[in-house]
Every structure is written in structure tokens, then in C-alpha cells.
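Inspection log for the structure reproduced underneath, given as C-alpha cells.
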Amino acid sequence: MRSTQTILVPVDGSDPSTRALEYAVDRVTMAGKGSLRVVNVQLGMPASRYVSRDMIAEHQHRLADAALKAARALLKRRKLDADISVHIGDPAATIVTLAKRRGCSEIVMGSRGRGRVAGMLLGSVASKVIQLSPCPVTIVK
């Protein structure tokens, strides 16, 4: 294990992702060292004849703000700084790529996301991240 842990925490605003962030915050706080990288990944959506790129970008921005609201509040309440970023793309691939590029020692994520369809999607995202991750993955219910 590295002397200073960097934990990547993907959040989507769901209860499991909020609990995952709480778990990661507890781990860093109890260790007295380490850092958190909180990410929100929005699915890329192509523009069409009826929906402009600007409309899509605005929609993704609103979704990301909503997803990160609870995360920011938790970090503020716990007086902990974290690198927070938003990315567009395939969620699992983006999470794995970020973990590799940023040298993360662990990924902590929720087991399922928001809603029935999103829950299935993000459940499959968690499964895919486990398979492809370069580092240990902790799944929080």
C-alpha cells in the first residue's frame, strides 16, 4: 500500500454513491492522510437536428451540479478538501481511465445509481469497473 492513499469516488447523487463518499471520507479522516478525487461522469449524448450541443451541455451541467450537491455538502460539513471534477463519456471507461491517470490507490463507489433504469446501468458500471480497474475497488451499498 502507498504511504499516501488517493481514493477515487464516482458520485451520481444516489444514496449508495453518497454512502460511498461518506465511507471514503471516514477512511481518509481516520488515516490522517490521503486525498479524495470526487468525480461525476455524464453520459456523452450526440447532438441532433432537434437538440443542439449547447442544450446537451447545459443539461449535462445541471445533472452534474445536482449529482455533486450532496458530495459538496458532505465535504464541507466534514471540513475536508477534495479534487472535484466532471467528465463526459462512458462511465466505467472514464472511471478506470481516471484511476490510472491519477495514480489512485483505490476506487470507492456505490453499488447502484439513481432510479430503476439508471440503477441497472450503474450496477453494470460498478461491475465493469471491478473488472477493468488497475486498483482495488470497494463497493458500498
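The values are calculated or read from the model by the stated rules, or taken from the named source; none is laboratory data. Fair warning: this is a prediction, and the values are worked out from it, not measured in the lab. Every residue, glycine among them, receives a Cβ derived from its backbone with ideal geometry; neighbour counts consider all protein chains shown.
Listed by position, the strands (runs of 3 or more DSSP E) contained in the stretch 25-131 that have at least 1 residues being small (Gly, Ala, Ser) and either closer than 12 Å to Ile7 by Cα or without any contact (Cβ under 8 Å) to a residue 40 or more places away in the chain (or both) are 35-42.
Somewhere in the stretch 114-128, is a residue loosely packed, with under 15 Cβ neighbours inside 10 Å, farther than 17 Å from Ala20 by Cβ and of a type in the set (A, V, I, L, M, F, W, C)? Yes.
Just checking, does the stretch 2-25 include any residue being closer than 23 Å to Pro136 by Cα, of a type in the set (Ser, Thr, Tyr) and in contact with a helix residue (DSSP H, G or I) (Cβ under 6 Å, 6 or more places away or on another chain)? Checking the stretch 2-25: at least one residue is closer than 23 Å to Pro136 by Cα, of a type in the set (Ser, Thr, Tyr) and in contact with a helix residue (DSSP H, G or I) (Cβ under 6 Å, 6 or more places away or on another chain).
Among the conditions (1) in contact with a strand residue (DSSP E or B) (Cβ under 9 Å, 6 or more places away or on another chain); (2) closer than 25 Å to Ser124 by Cα; (3) at pLDDT below 95, the only one that Arg102 does not satisfy is (3).
For the stretch 1-40, the set of residues classified as aliphatic (A, V, I, L, M) and at pLDDT 95 or above consists of Ile7, Leu8, Val9, Val11, Ala20, Leu21, Ala24, Val25, Val28, Leu36, Val38, Val39, listed by residue number.
For the stretch 24-35, state whether one or more residues are touching a strand residue (DSSP E or B) at 6+ places or on another chain (Cβ under 9 Å), under 20 Å from Gly123 (Cα atoms) and of a type outside the set (Ser, Thr, Tyr). Yes: one or more hits.
Comparison of Val86, Val125 shows that the only residue that is of a type outside the set (Asp, Glu) and modelled with pLDDT under 95 is Val125.
For the stretch 91-104, a residue qualifies if it is over 11 Å from Val129 (Cα atoms) and surrounded by fewer than 17 Cβ atoms within 10 Å (Cβ to Cβ), and the qualifying residues are Lys100, Arg101, Arg102, Gly103. The set of residues from the stretch 1-24 being closer than 20 Å to Ala92 by Cα, not in a helix (DSSP H, G or I) and not small (Gly, Ala, Ser) comprises Thr6, Ile7, Leu8, Val9, Pro10, Val11, Asp12. Of all the criteria given as (1) exposed (fewer than 13 other Cβ atoms within 10 Å of the Cβ); (2) closer than 25 Å to Val28 by Cα; (3) aliphatic (A, V, I, L, M), the one not satisfied by Val51 is (2). Selection of the stretch 81-90 for residues being closer than 15 Å to Val129 by Cβ and either of a type in the set (S, T, N, Q) or touching a helix residue (DSSP H, G or I) at 6+ places or on another chain (Cβ under 7 Å) (or both) yields only His87.
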